[in-house]
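Throughout, read-outs are computed from the coordinates displayed, never taken from laboratory work. Computed from a predicted structure; not experimentally measured. We place every Cβ from the backbone using ideal geometry, glycine too, and count neighbours over all the protein chains shown.
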Amino acid sequence: MSEPIQWIVPVTAASDRLDKALAKGLADQDITRSQIQKWIKEERVTVAGKPVRAKEKVPAGTVVIITPADPEPIQAEPEDIPLAIVYEDDDVIVVNKPQGMVVHPAPGHYHGTLVNALLAHGQLATINGAIRPGIVHRIDKDTSGLLMVAKNDRAQQSLTAQLKAHKNERKYLAIVHGVIQEDSGTIDAPIARNPKDRKKMAVVIGGRPAVTHFKVLARFRHYTYIQAILETGRTHQIRVHMAYIGHPVAGDPLYGPTKTLPGHGQFLHAATLSLTQPTTGKELTFSVAPPKIFQDTLNKLKTGDN
């Protein structure tokens, strides 16, 4: 059962709508304004035992009690969803994840994930539990490309160790805003959750070490086509690092400008992945082309249409 949350209205929030004030005050708990508004409608937000309205302005010092709804249990059920399998053996599956697919079930994404599809395909490693079986690493929902998945626990341990030792080559393709003058470069900047917006990551002093290498593949009037190589694998790493140097990934809804290339999310594709086969020790490398919308956009940029 969810524990009630007690929040005392600070002086700085006394003139704000209650839903807005709560969203700011509880941001460090990853509670969104829309979630707060839902709880208010359900009369789960009270002052002196009485429900309040979202637009109310509550005096400083007022004690607000939030009684969250119990979270819906998350289960990963097999679903018959087509998979683009690039390689498979007794230990490993390498898949080409389409743009728009979430890797594993999470609040708001209970069905249609890569894990749902993989469970219908066959057995997966169990070390990561029932929600993330076989998942060794992730890519964002709107990033397309290659992922390696473990089919048994021994393979999971091997692939995870490879990642930690930075033995896997991971090359991405991206279209970014602006014209990068350097032919290549390295971004070495630590990443942590953005202290001002818990939904974002940011370059933060004292964050986890993060290193991204990039190489320019083509320059256009307002954009640059790059290859990015991950040395580390932090959440949103390429997206955060490219925005940090002033060249956010085109189409990125979190870190980029609103005026951007038309599409369904960031133009970022995990194009190349290498791994050591856990049983044989053989080095394997896989590459896949970007999705059609990515390639069509590149062609338009080459002809000067953007």
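In summary, Lys300 fulfils each of the numbered conditions (1) touching a strand residue (DSSP E or B) at 6+ places or on another chain (Cβ under 8 Å); (2) among the charged types (D, E, K, R); (3) without any contact (Cβ under 8 Å) to a residue 60 or more places away in the chain with the single exception of condition (1). On the basis of being in contact with a strand residue (DSSP E or B) (Cβ under 6 Å, 6 or more places away or on another chain) and within 22 Å of Pro195 (Cβ to Cβ), does Ile31 make the cut? In short, no. Checked against (1) buried (at least 16 other Cβ atoms within 10 Å of the Cβ); (2) without any contact (Cβ under 8 Å) to a residue 24 or more places away in the chain; (3) over 28 Å from Ala165 (Cα atoms), Ile180 passes all but condition (2).
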